[in-house]
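A short write-up of the structure that comes next.
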Amino acid sequence: LVSNFGNLSFSAASNNQRDSSSRFGSAFFRSGQNGSEVPQLYIATPSDYQLGPGDELLISLYGASEESYTVQLTREGTIKVDRLAPIYLSGLSIEDAKARLLSRFSEIYTGLKAADNDPSKVSLALSLQNARSVVVNITGQVNTPGTYTLSAFTSVINALYAAGGPNNAGSYRAVRLLRGGRIIKEIDLYDFFAGGKLTPLYLQDQDVLQVPAFEAQVQLKGAFKTPGFYELKKDETLADVLSYSGGFLSDGYKDRVFISRIMDFKRQSVTL
């Protein structure tokens, strides 16, 4: 199973035979296959979100002085506030941007340096009013390849949702994020579908998501909780397939699994 598998089919005996032609993970993208938009994201600004040109910020000062500023990062990655030179914030997290603003705003609001119990104390709060939009190209084996304008909060899996997800030949295990012509990250969507793990990876302007064709796929038929097609990596075994599928049905005969393998022009049958 590990060293050399092509097209495999596993089956287990059952009193209640079931079959499914769906690929594991495809149900997640099914509602997005008509090019529908990604779900709206009403969430607090993640701590690791990096600011960039087009982001709109709200700077609030309160205490001895009450003032607020709504600013937008320019194409150069700076903001402009009266009586201050342009402040460069592009690439900073909200926390780091707040620290820089505290340093710069203290030039005109001396109360920012005062002690907490000082009546002249001024405090600063920073929040993201509107996230910028990014243009992302989604190519390869997806249902609706193309160029998409998305929120900078959009994750890789949300971007793929907008493109309808991988097609029948597309890989769920090796989605590539390219930035500046280089592969930044290879994403395994089974980490999310089987384990609920989603890497907090945010897209940037002109990123490319490329979905290659899958290399190996097996089909589960019979007394499995989730029959269907499963994409495998070269170091994975039947135990991994059972983990993804949820294992055997309660009425399945677990002591024996039949494998039908097609190797070139020969068909091979194995019993485990």
Checklist line | Under 5 Å, built H, 5+ apart or other chain: amide partners of Gln217 | finding: Leu8, Leu232
Item checked: the chain - accessible surface per residue (Å², probe 1.4 Å) -> 54 Å²
Check: Under a point-charge model restricted to the Cβ atoms of Lys and Arg (+1) and Asp and Glu (-1), what is the dipole moment magnitude of the chain relative to its Cα centre, in debye to the nearest 20?
Finding: 920 debye
Checklist line | Of (1) 143; (2) 174; (3) 115, the label for volume of the Cα convex hull per residue in Å³ derived from the coordinates | finding: (2)
Margin query: Restricting to DSSP H runs of at least four residues, report the calculated mean residue ellipticity at 222 nm for the chain, -39500 (n - 2.57) per run over all residues, nearest 500 deg cm²/dmol.
Written below: -3500 deg cm²/dmol
Note to self: With +1 on the Cβ of every Lys and Arg and -1 on the Cβ of every Asp and Glu, and nothing else charged, how large is the dipole of the stretch 142-208 about its Cα centre, in debye rounded to the nearest 20?
What the structure shows: 120 debye
Next item on the list: Please turn the phi angles of the stretch 200-213 into ³J(HN,Hα) values with the Karplus equation 6.51 cos²θ - 1.76 cosθ + 1.60 (θ = phi - 60°), one per residue in order, whole Hz, x for glycine and proline.
Entry: x, 10, 9, 7, 10, 4, 6, 5, 10, 9, 10, 10, x, 6
Next item on the list: Could you work out how far helix 94-105 tilts from the main Cα principal axis of the chain, as a 0 to 90 degree angle to the nearest 10?
Entry: 10 degrees
Note to self: Please list log₁₀ I(q)/I(0) at q = 0.10, 0.12, 0.16, 0.18 Å⁻¹ for the stretch 81-221, using the Debye equation with identical point scatterers on the alpha-carbon positions.
What the structure shows: -0.52, -0.64, -0.87, -1.00
Checklist line | Unsatisfied cross-links (Cα-Cα over 22 Å) in the set Lys80/Lys121; Lys185/Lys234; Lys225/Lys254; Lys185/Lys233; Lys98/Lys121; Lys221/Lys254 | finding: Lys80/Lys121
Check: What part of the accessible area of the stretch 112-170, given as a whole %, is carbon or sulfur when the probe is 1.4 angstrom?
Finding: 43 percent
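Sort Asp55, Asp82, Asp48 by accessible area with a 1.4 Å probe, largest first.
Asp82, Asp48, Asp55
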Next item on the list: Convert each backbone phi in the stretch 166-179 into a coupling constant with the Karplus relation 6.51 cos²θ - 1.76 cosθ + 1.60 (shift: θ = phi - 60°), then list the ³J(HN,Hα) values in order as whole Hz, x for Gly and Pro.
Entry: x, 7, 4, 9, x, 7, 9, 9, 8, 6, 9, 9, 10, 9
Note to self: If amide hydrogens are placed 1.01 Å from N in the peptide plane, which non-local residues have theirs closer than 5 Å to the one on Ala114?
What the structure shows: Val122
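The values are calculated or read from the model by the stated rules, or taken from the named source; none is laboratory data. Every value quoted in this text rests on a predicted model; they were computed, and no experiment measured them. For neighbour counting, all protein chains shown are included, and Cβ atoms are generated from backbone atoms with ideal geometry for every residue, glycine included. Surface areas here come from the heavy atoms of the whole protein model, side chains and all, with no ligands, DNA or RNA. Shrake-Rupley method; radii C 1.70, N 1.55, O 1.52, S 1.80 Å.
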